[in-house]
Amino acid sequence: MANKLISQMGLPPSLSHVFSARNILTAKDALSLPETDLMALLDIDIALVRSAVASISEATCPPFQTGLALLEEKMKSGGHLSTLLPGLDNALCGGIPFGALTELVGPSGIGKTQFCLKLALLAALPECYGGLNGRVIYIDTESKFSSRRMIEIGEGSFPQIFRLQGLAQKMAGRIIVTRPTSISEFNDSLQQMKLTLLQNEVKLLIVDSIVALVCWDNEKGTISSRQSPLRGSLSFLKSIAEFSRVPVVVTNQVRSHSSDDTFHYIFKGHRKDTSNSERSESHLTAALGIQWAHAVTIRLIFEAHSGHRFIKVAKSPISPPVAFPFVVESSGITLLNQEGISVAGSEINAIRCKGCNILTQ
Amino acid sequence: MEISNLPISPSIRSKLLSKGYTSLSSLSSISPSFLAQELSVKLEEAVEVLRAVSDTTTSKSAHIPYGIIPGAVTAWDMLSEEQMQRHISTGCEDLDAILGGGIHCKEVTEVGGVPGIGKTQLGIQLAVNVQIPVEYGGLGGKAVYIDTEGSFMAERAYQIAEGCIYDILDKFPSNSREFLSCKERLQVNNFLAGIFYFRICSYTEQIAVINYLENFLTEHGDVKLVIIDSVTFHFRQDFDDLAQRTRVLGGLSLRLMKLSKMFNLAVVLLNQVTTKFTDGSFQLTLALGDSWSHSCTNRIILHWNGNERCAYIEKSPSVPSASAPYLVTGKGIRGINSNFKRARIM
């Protein structure tokens, strides 16, 4: 919509000629400038500028829907990819939502890739088994995809399907794995995907993991440390999710976080957190910073403490803060408790990794 | 004020200057037709120039009693108008109390906070609460929800609308005739149909929709709330020139303020946080910079206070800074003391 051409918007010809003469060709060019700048650039008076901007805005503005229409649309098209973990599906009102970015974040080795493998399988399954009957694009930046493990998960979770002749091959054939080695390759494949997602009936997009791309970007040394390293790719991923209504799942890593780093608001004053002694052992935080944290729609935190692993629904517009203990078995991830444990307060955002390190046991 | 500051196009300005008209007084007693002939422009353009001149001169005059300035009102009249103003309840009684009744109409309120604190929840709650009929203490208006991040979930709006209706019927169990007619309007589907949803995918579309709102609001006169969730997202990602960004944002906020006054509605902008280096350390602050922080009338920061969610009024012309705890429940935003059922899962 932003790149809509002004010449096609039905403005009076004299006006649209003035715009193109000054090289303002798309709506984006026209609307990025304040009105007084436009007036000076185009040499026409302010009332005419205002009416031109109003017409351009009306043409560029996307159509509206009522909340009711949105709900009905969602009901019709399903709207969720069920994870077959009843507790998690309940908490997420059906499963991983279409058209939104879901992030899995946790320390290494906790089970994020296992979760992704199972999701890939689920999306490929025929609808009678609860799947989406579609293709899956798996962008594997760290070479973690193991098809052998995926078939193992399939045989463990759906033995009746996978024993059928040829079905395993058909399922595995629907999962397309790509291993980009640089961020430009990644962007290129995203561009191509945008065109073919609907044609090829792709029903799920997984990026595992997105942090590797950031590392590649930083190697170029052109990004300042305060700027978001993923600006173009991030909004692109989101727009792909929106236009094609597919679920997009992204995995993220953690980095350690010293207690001095805890940011406070200016109005709260500077006070040291006194309850730090326990947290300083394994104080972790999601990588990519706070801007990324705002951008994802749903954040599932994988963590370990008190001898168990937990999936926490940390950020979601439709779920209460709950944590589910889980284990990783041959058939993939299984929840130990379908009800979930309610987590109060800002604990939901903490990532802990105690008891995971064999060297400290 | 000189000719160079008039809002007229540069070519006409250069013609005026070349003909020797350098100050406003030189244009004060000229007829349009004479000016048109002098500058060799069309008559309509000369009329426009003279109108621009007269607009600037009248606003500059001092010593004019209040009644004669067009468009001005006395503070006393404003007071009675403000007292009659209804506010939009946030769902949490403590927060409503420190806000002086709720979100004010005719004002732009900015709400910011870290991810996951409940900004979208508050936005959806306000979009539902604005629709509470007047008989039950609400505004009976509709809402425009401009979504830039894709965080609006229709199922959640359904839950919140259901919770709101449930609480109203709980609070007003009377079956008298005037309530019966409103009860029919208290349907979840009606509430959902009263939210006009725009999905914005770039900052160009964001600017376009805010420009278009004036026409939209003229057509849909019952809209009493405009929410933008969030105003920051696209401006943070794709805008490279920060100085231009500040100017564009300034234009946006002025336009929103004008809309809120013209159509007597409340504008709520949801903002993200960023870190800023002040006093030798990084502090959390709302995004979009210092100039933006001046543009909104009110500013509320949602933050974690230990294990509790709190709303802190950082800036308001009419109420003092205060903090109030709130909860996000299955039914929506509620106060600490209200009875709430366990989080309802669909």
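The values are calculated or read from the model by the stated rules, or taken from the named source; none is laboratory data. Note that the structure is a prediction, hence the values are computed from the model and not measured. Cβ: placed from backbone, ideal geometry, glycine included. Neighbour counts: every protein chain shown. When the accessible area is computed, the model is the full protein with side chains, heavy atoms only, and any ligands, DNA or RNA have been set aside. Shrake-Rupley method; radii C 1.70, N 1.55, O 1.52, S 1.80 Å.
Determine whether segment A:92-115 contains at least one residue that is assigned to a loop (DSSP other than H, G, I, E, B) and either touching a His at 6+ places or on another chain (Cβ under 6 Å) or free of Cβ contacts under 8 Å to residues at least 24 places away in the same chain (or both).
Taking segment A:92-115 and keeping what is assigned to a loop (DSSP other than H, G, I, E, B), we get A:92-95, A:98-100, A:106-111.
Those left that are additionally either touching a His at 6+ places or on another chain (Cβ under 6 Å) or free of Cβ contacts under 8 Å to residues at least 24 places away in the same chain (or both): A:94-95.
Yes, segment A:92-115 has at least one match.
Need the failing condition index for A:GLY340 against (1) of a type in the set (Gly, Ala, Ser); (2) away from chain B (no Cβ under 14 Å); (3) in contact with a Gly (Cβ under 6 Å, 6 or more places away or on another chain), just the number.
(2)
Kindly indicate which of A:LEU48, A:LEU38 is more than 7 Å from chain B (Cβ to nearest Cβ), open to solvent by 60 Å² or more (accessible area, probe 1.4 Å) and assigned to a helix (DSSP H, G or I).
Values: A:LEU38 fails: open to solvent by 60 Å² or more (accessible area, probe 1.4 Å).
Of A:LEU48, A:LEU38, the one residue that is more than 7 Å from chain B (Cβ to nearest Cβ), open to solvent by 60 Å² or more (accessible area, probe 1.4 Å) and assigned to a helix (DSSP H, G or I) is A:LEU48.
Across segment B:252-273, which residue is farthest from A:ALA54 (Cα to Cα) among those that are out of contact with any strand residue (DSSP E or B) (no Cβ under 6 Å at 6 or more places or on another chain) and more than 11 Å from chain A (Cβ to nearest Cβ)? Give the steps one after another, and end with the answer.
Let us first name the residues in segment B:252-273 that are out of contact with any strand residue (DSSP E or B) (no Cβ under 6 Å at 6 or more places or on another chain), namely B:252-255, B:258-259, B:261-264, B:272.
Filter once more, so that each one left must be more than 11 Å from chain A (Cβ to nearest Cβ): B:253, B:258-259, B:261-264.
Working: B:SER253: 17, B:LYS258: 15, B:LEU259: 14, B:LYS261: 19, B:MET262: 17, B:PHE263: 18, B:ASN264: 21 Å.
The selected residue is B:ASN264.
Which members of segment A:64-80 meet the condition of being out of contact with any Leu (no Cβ under 9 Å at 6 or more places or on another chain), outside any helix (DSSP H, G or I) and either open to solvent by less than 60 Å² (accessible area, probe 1.4 Å) or farther than 11 Å from B:TYR212 by Cβ (or both)?
A:GLN65, A:GLY79
Does B:ASP240 satisfy the criteria of being open to solvent by less than 20 Å² (accessible area, probe 1.4 Å) and charged (D, E, K, R)?
Working: open to solvent by less than 20 Å² (accessible area, probe 1.4 Å): no; charged (D, E, K, R): yes.
Here the answer is no, as B:ASP240 does not meet what is asked.
Is it true that A:GLY99 is under 21 Å from A:LEU190 (Cα atoms), open to solvent by less than 20 Å² (accessible area, probe 1.4 Å) and within 14 Å of chain B (Cβ to nearest Cβ)? Step through it out loud before you land on a result.
Values: under 21 Å from A:LEU190 (Cα atoms): yes; open to solvent by less than 20 Å² (accessible area, probe 1.4 Å): yes; within 14 Å of chain B (Cβ to nearest Cβ): yes.
So A:GLY99 passes the test.
Out of everything in segment B:124-138 that is crowded, with 24+ Cβ neighbours inside 10 Å and more than 10 Å from chain A (Cβ to nearest Cβ), what residue ends up being farthest from A:ALA293 (Cα to Cα)? So that I can check it myself, show each step before the final result.
So the first thing to find is which residues in segment B:124-138 are crowded, with 24+ Cβ neighbours inside 10 Å, and the list is B:124-131.
Add one more test, that the residue is more than 10 Å from chain A (Cβ to nearest Cβ), and what stays is B:125-126, B:129-131.
Numbers: B:GLN125: 22, B:LEU126: 24, B:ASN129: 28, B:VAL130: 29, B:GLN131: 31 Å.
By that ranking, first place goes to B:GLN131.
Being assigned to a loop (DSSP other than H, G, I, E, B) and closer than 14 Å to B:ILE3 by Cβ is the filter; apply it to segment B:18-40 and report the residue that is most open to solvent (accessible area, probe 1.4 Å). Before the answer, list the steps.
Initially, segment B:18-40 is screened for residues assigned to a loop (DSSP other than H, G, I, E, B), giving B:19-22, B:28-31, B:40.
Of the ones still in play, those that are also closer than 14 Å to B:ILE3 by Cβ are B:19-22, B:28, B:30.
Details: B:LYS19: 111, B:GLY20: 50, B:TYR21: 25, B:THR22: 79, B:SER28: 87, B:ILE30: 31 Å².
Across segment B:18-40, the extreme among qualifying residues is B:LYS19.
For the structure I just gave you, tell me whether B:ASN215 is within 9 Å of chain A (Cβ to nearest Cβ) and open to solvent by 10 Å² or more (accessible area, probe 1.4 Å).
Numbers: within 9 Å of chain A (Cβ to nearest Cβ): yes; open to solvent by 10 Å² or more (accessible area, probe 1.4 Å): yes.
Criteria met by B:ASN215.
Which residues, taken from segment B:67-86, are in a helix (DSSP H, G or I) and hydroxyl-bearing (Ser, Thr, Tyr)?
B:SER80
What's the number of the only condition in (1) within 27 Å of B:GLN244 (Cα to Cα); (2) at the interface with chain A (Cβ under 8 Å from one of its Cβ atoms); (3) part of a helix (DSSP H, G or I); (4) open to solvent by less than 10 Å² (accessible area, probe 1.4 Å) that B:TYR145 fails to meet?
So B:TYR145 meets the others, but not (3).
Quick one: count up the residues across segment B:148-171 that are under 23 Å from A:ALA100 (Cβ atoms), more than 9 Å from chain A (Cβ to nearest Cβ), part of a helix (DSSP H, G or I) and within 25 Å of the chain's Cα centre (by Cα).
1
Is it the case, given these coordinates, that A:LYS74 is of a type in the set (Lys, Arg) and at the interface with another protein chain (Cβ under 9 Å from one of its Cβ atoms)? Can you show your working first?
Values: of a type in the set (Lys, Arg): yes; at the interface with another protein chain (Cβ under 9 Å from one of its Cβ atoms): yes.
For A:LYS74, the condition - of a type in the set (Lys, Arg) and at the interface with another protein chain (Cβ under 9 Å from one of its Cβ atoms) - is met.
Only residues that are more than 10 Å from every other protein chain (Cβ to nearest Cβ) and out of contact with any Gly (no Cβ under 9 Å at 6 or more places or on another chain): list them for segment B:236-251, please.
Once the filter is applied, which keeps residues that are more than 10 Å from every other protein chain (Cβ to nearest Cβ) and out of contact with any Gly (no Cβ under 9 Å at 6 or more places or on another chain), segment B:236-251 yields only B:ALA243.
From the list A:ALA59, A:ALA120, which one is part of a helix (DSSP H, G or I), more than 19 Å from A:GLU242 (Cβ to Cβ) and open to solvent by less than 10 Å² (accessible area, probe 1.4 Å)? Steps first, answer last, please.
Working: A:ALA59 fails: open to solvent by less than 10 Å² (accessible area, probe 1.4 Å).
When all the criteria are applied, what remains is A:ALA120.
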